[in-house]
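**Q** This is the structure, below, for whatever I ask next.
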Amino acid sequence: MRLNYAIKYVADMDQAIAFYRDKLGLELKFQSPFWTEFATGETVLALHPASDDNPAGGVELGFAADNLGEFYARREELGVHFTREPKEMHGVHIAQIRDADGANVSVSGPV
């Protein structure tokens, strides 16, 4: 498991992009109204519009697993609660779990 990305939920995408790009000097990798990425080394900072389920200022961590299917199969043994089972999205399998504090955590792996 390795930290692949952190999603920052934002109230205003343009303001958030300007802050991270212009004030912090992060390299803009991809930009859209619904998903923006900054190159920050091995871990990507992603911006996503806030919603009722994900208020502005919230952060969701995203981990990459070499074998998501194996991790999912061991969920009971590991005591990991999946709130969304692995499903193909954007060319990878993505699942969602809850951490010890009940926060959403994404886990992705190769298709």
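**Q** Could you work out which residue, out of Val59, Val44, Val92, moves most in a Gaussian network model of the chain, that is, has the largest mean-square fluctuation with Cα springs under 10 Å?
**A** Val92
**Q** Given contacts defined as C-alpha pairs under 8 Å and at least six residues apart, what's the relative contact order of segment 65-111, whole-number percent? It would help to have the intermediate numbers written out before the result.
**A** Details: 75 pairs, mean separation 17.0, N = 47.
Over segment 65-111, the number comes to 36 percent.
**Q** Using θ = phi - 60° and the Karplus curve 6.51 cos²θ - 1.76 cosθ + 1.60, what whole-Hz ³J(HN,Hα) does each residue of segment 22-36 get, with Gly and Pro shown as x?
**A** Karplus-based 3J(HN,Hα) across segment 22-36 equals 7, 8, 9, x, 6, 7, 6, 9, 7, 9, 8, x, 10, 7, 10 Hz.
**Q** What does the charge count around Ser108 come to, taking other residues whose C-beta lies under 15 Å from its C-beta (Lys +1, Arg +1, Asp -1, Glu -1)?
**A** Residues close to Ser108 contribute a combined charge of -4.
**Q** As I understand it, the dipole of segment 19-111 uses +1 on the Cβ of Lys and Arg and -1 on the Cβ of Asp and Glu, about the Cα centre. Which of Gln96, Ala39, Leu78 lies farthest toward its positive end?
**A** Ala39
**Q** Please work out which option in (i) 14, 43, 31, 11, 1; (ii) 15, 46, 27, 11, 2; (iii) 12, 38, 31, 14, 4, 0 gives P(r) over Cα pairs in 10 Å bins from 0, in percent calculated from these coordinates, and answer with its label.
**A** Checking each listed value against the structure points to (i).
**Q** For a distance above 17 Å, tell me the whole-number percent of Cα pairs in segment 65-111 that qualify.
**A** 26 percent
Read-outs throughout are calculated quantities, based only on the coordinates presented, and are distinct from any laboratory measurement. Just so it is clear, the structure is predicted and the values come from calculations on it, not from any experiment. Quick reminder, even Gly has a Cβ in these numbers, built from the backbone with ideal geometry, and neighbours come from all protein chains shown.
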